[in-house]
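Asks: I have a structure I would like to understand better, so I am pasting it below and will then ask my questions one at a time.
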Amino acid sequence: MKRNGMLNSHISKVLSDLGHTDMIAIADAGLPVPEGVVKIDVALKLGTPTFQEVVELIADDMVIERVIVAEEIKEGNPEALQFISDRFGEHAVDASISHEQFKALTRQVKAVIRTGEATPYANCILQSGVHFG
């Protein structure tokens with residue numbers, strides 16, 4: 001058994017396989033997952049685990065250079081945007097695409113991790129950075 005880090009074997013595998021600029025999505029309970037994209041469902045009940053909890057745990061194990069969110073998050077869920085900006089820095093956050101464009105972009109992610117989050121626009125795409133030591 002692992003001593004530290006991500007215990008979910010499916011998430012751990014996806015994170016281990018990421019290369020520079022590969023992407024994964026962290027999604028609320030309602031975001032559709034495109035056909036052919038791996039869905040890792042960690043939702044236990046509505047609200048559990050939260051978007052924030054899952055993002056924090058993933059960020060502890062992943063080098064992240066960019067975070068993509070839908071521009072609608074600015075008005076639809078400013079708390080989630082503030083959390084993301086505080087966690088990753090405003091320079092890393094890209095909120096320049098619409099929710100429809102965001103959903104289309106999820107076709108390119110390696111996996112969608114579905115949370116139990118029940119607030120609007122609590123979704124992000126994490127782009128992998130590179131760690132050389």
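Asks: Determine whether region 34-41 contains at least one residue that is over 12 Å from the mean Cα position of the chain (by Cα) and open to solvent by less than 30 Å² (accessible area, probe 1.4 Å).
Replies: yes
Asks: State which residue pairs qualify: first residue farther than 16 Å from K103 by Cβ and touching a residue at least 24 places away in the same chain (Cβ under 8 Å) and inside region 57-84, second residue buried (at least 17 other Cβ atoms within 10 Å of the Cβ) and of a type in the set (F, W, Y) in any location, beta carbons under 8 Å apart, and separation of 6 or more residues or different chains.
Replies: Hits for this filter: A59/F88; I64/F88; V67/F88; A80/F51; A80/Y121.
Asks: Counting only residues that are aliphatic (A, V, I, L, M) and open to solvent by less than 30 Å² (accessible area, probe 1.4 Å), which one in region 116-130 is farthest from F88 (Cα to Cα)? Even if it seems obvious, please write down each step before you answer.
Replies: At the first step, the residues of region 116-130 found to be aliphatic (A, V, I, L, M) are 118, 122, 125-126, 130.
Still in the running and open to solvent by less than 30 Å² (accessible area, probe 1.4 Å): 122, 125-126.
Values: A122: 15, I125: 12, L126: 10 Å.
The qualifying residue farthest from F88 (Cα to Cα) is A122.
Asks: Could you go through region 75-86 and let me know if any residue there is open to solvent by 60 Å² or more (accessible area, probe 1.4 Å) and assigned to a loop (DSSP other than H, G, I, E, B).
Replies: Looking for residues that are open to solvent by 60 Å² or more (accessible area, probe 1.4 Å) and assigned to a loop (DSSP other than H, G, I, E, B), one finds none in region 75-86, hence no.
Asks: Right, something else. Take V14 and decide whether it is in contact with a Gly (Cβ under 8 Å, 6 or more places away or on another chain) and touching a residue at least 24 places away in the same chain (Cβ under 8 Å). Lay out the reasoning, then the answer.
Replies: Numbers: in contact with a Gly (Cβ under 8 Å, 6 or more places away or on another chain): no; touching a residue at least 24 places away in the same chain (Cβ under 8 Å): yes.
No, not satisfied.
The values are calculated or read from the model by the stated rules, or taken from the named source; none is laboratory data. It should be emphasised that the depicted structure is a prediction, and the values quoted were computed from it without experimental measurement. Here the Cβ is made from the backbone with ideal geometry for all residues, glycine too, and neighbour counts use every protein chain on show. Side chains included, ligands, DNA and RNA excluded: accessible areas come from the protein's heavy atoms. Shrake-Rupley method; radii C 1.70, N 1.55, O 1.52, S 1.80 Å.
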